[in-house]
Amino acid sequence: MAIFLTGSTGYIGAHVAANLLQEHGASLNVLVRARDPREAELRLWQALQLHLDFPRFHEFLQTRIRIFRGDLTGAQFGLSRDDYDRLIHTTDSVIHCAASLNRKSEKSCLNVNLRGTLEVLQLAMRVQHYHGLRRFSHVSTVAVAGKRQNEIVTEDKSIDWDRSDYDPYARTKKFCEHMIRQLLPDVPLTIFRPSIVLGDSRRAETTQFDMVRSFVFLAGLPVLPFRPNDKIDIVNVDFVADAIATLHQKESTQHDIYHLSSGRESQTFRELTTTLSASQQKRGPIFVPVLEQPFSGTVNTLANRKGAVGHGAALMKVFMPYLLWNTVFDNARVTSELGCKPIPFSQYSFPLLKFSRETNFSYKYQEWPAKVGGSAA
């Protein structure tokens, strides 16, 4: 039997997959969108090569990974009846990582986050009917808490249906949590809510650059439009992946919702910039909070332009609210149950900055070795 993992070719999903394979000896059923088996294996290899060398990956592919070529939003994932039945009868638990993070597109969020999650839930209900579902884990977001300001938010106080949402992503993820509880009332659930996931504390390399671009841009400014003592809740992806994999594999968990965040120990803008400036042997930025509105206005204007400037401004526009809310998400549950805490962003921010600048925000993927047999050779 295997864990059905969605989003295995995504950033967090690939970290979760690698953790499950290497630390927990798990077998995985993964859904990969591809035209043929060759493309599916190549996509999975690209996603996992940050974590595994090729011999290890190929060993797992032959022994503990089963690829299903399909689309999250298709009826029964667009699989043939035989493949869908095989997925049902070889799955004993589900980790749903896949999501659209396109915060500007309500259409994309509705299609992937709602329709896609409904398809995953229908599979889960069939598994539960035929032989029982051990656990259903869902990767949500702290953004389900809606618009906040100057708060410390606990898991059970996050959802407030009368509160406005930041964007379509947050809105659809909030409703996904509701659907899961309504449709799987008798299945053990774990809902994980990561905060701002930025970088891996173990290595400088990354394959996900959207938020990194915004971080690098801000790190280069001599003046920042923020209040220096505001906190920003940033968490390392390796902590997030380890929490998801470890708690999913437990026979029972102490809670059913966990904030995967830096919590009350989140660092302030001044703490982050002081450390980063010292690493670069340069003066730190000046904080001028009164520039917040002019800065936001400029970002909004530039976001409508085409090209690299417009793209960068559009990313900044999406993340600006998360930088300004001075709100952190209590993580006492997860740190108590795991017995460890996230690594402070200041401890690994400079290697991430250096790698991103030196590679011009790109990761050099390895090709599939020519001498290896199999459908992707």
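Residue by residue, here is whether (1) part of a loop (DSSP other than H, G, I, E, B); (2) open to solvent by 10 Å² or more (accessible area, probe 1.4 Å); (3) at pLDDT 95 or above; (4) not aromatic (Phe, Trp, Tyr) holds:
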| position | (1), (2), (3), (4) |
| --- | --- |
| Val187 | yes, yes, yes, yes |
| Thr206 | yes, no, yes, yes |
| Arg213 | no, yes, no, yes |
| Val216 | no, yes, no, yes |
| Asn229 | yes, yes, yes, yes |
| Ala241 | no, no, yes, yes |
| Thr246 | no, yes, yes, yes |
| Ser252 | yes, yes, yes, yes |
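Hey, any hits in the stretch 117-130 for a residue that's among the aliphatic types (A, V, I, L, M), part of a loop (DSSP other than H, G, I, E, B) and in contact with a strand residue (DSSP E or B) (Cβ under 7 Å, 6 or more places away or on another chain)?
No: the stretch 117-130 contains no residue that is among the aliphatic types (A, V, I, L, M), part of a loop (DSSP other than H, G, I, E, B) and in contact with a strand residue (DSSP E or B) (Cβ under 7 Å, 6 or more places away or on another chain).
Are any of the residues in the stretch 131-149 over 28 Å from Met211 (Cβ atoms), more than 19 Å from the chain's Cα centre (by Cα) and among the hydrophobic types (A, V, I, L, M, F, W, C)?
yes
Of all residues in the stretch 1-28, how many are closer than 15 Å to Gln249 by Cα and either of a type outside the set (Val, Ile, Thr) or open to solvent by 20 Å² or more (accessible area, probe 1.4 Å) (or both)?
Here the count works out to 16.
Rundown of residues vs (1) open to solvent by 60 Å² or more (accessible area, probe 1.4 Å); (2) of a type outside the set (Gly, Ala, Ser); (3) part of a loop (DSSP other than H, G, I, E, B), yes/no style:
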position	(1), (2), (3)
Arg283	yes, yes, yes
Leu291	yes, yes, no
Thr298	yes, yes, no
Ala313	no, no, no
Arg333	no, yes, no
Phe355	no, yes, no
Lys371	yes, yes, yes
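Residue check: is Thr273 touching a residue at least 12 places away in the same chain (Cβ under 8 Å), open to solvent by less than 30 Å² (accessible area, probe 1.4 Å) and more than 24 Å from the chain's Cα centre (by Cα)?
Details: touching a residue at least 12 places away in the same chain (Cβ under 8 Å): yes; open to solvent by less than 30 Å² (accessible area, probe 1.4 Å): yes; more than 24 Å from the chain's Cα centre (by Cα): yes.
Taking the combined requirement at face value, the residue satisfies it.
Kindly indicate whether any position in the stretch 58-71 is assigned to a loop (DSSP other than H, G, I, E, B) and surrounded by 21 or more Cβ atoms within 10 Å (Cβ to Cβ).
At the first step, the residues of the stretch 58-71 found to be assigned to a loop (DSSP other than H, G, I, E, B) are 64, 70-71.
Applying the additional criterion that residues be surrounded by 21 or more Cβ atoms within 10 Å (Cβ to Cβ) yields 70.
Within the stretch 58-71, one or more residues are assigned to a loop (DSSP other than H, G, I, E, B) and surrounded by 21 or more Cβ atoms within 10 Å (Cβ to Cβ).
Can you say whether Ser346 is assigned to a loop (DSSP other than H, G, I, E, B) and farther than 22 Å from Ala145 by Cβ, as far as the supplied structure shows?
Judged against the criteria, Ser346 is not a match.
Scan the stretch 40-57 for residues that are among the acidic types (Asp, Glu) and either open to solvent by 50 Å² or more (accessible area, probe 1.4 Å) or over 20 Å from Asp71 (Cβ atoms) (or both) and jot them down.
Answer for the stretch 40-57, where residues must be among the acidic types (Asp, Glu) and either open to solvent by 50 Å² or more (accessible area, probe 1.4 Å) or over 20 Å from Asp71 (Cβ atoms) (or both): just Asp53.
If a residue has to be open to solvent by 70 Å² or more (accessible area, probe 1.4 Å), farther than 16 Å from Pro37 by Cβ and modelled with pLDDT of 95 or more to count, how many in the stretch 77-106 make the cut?
Residues meeting the conditions: 2.
The values are calculated or read from the model by the stated rules, or taken from the named source; none is laboratory data. Just so it is clear, the model here is predicted, and its values are computed rather than measured. Backbone-built Cβ (ideal geometry, glycine too); neighbour counts: all protein chains shown. Just the protein is used for accessible areas: all its heavy atoms, side chains included, with ligands, DNA and RNA removed. Shrake-Rupley method; radii C 1.70, N 1.55, O 1.52, S 1.80 Å.
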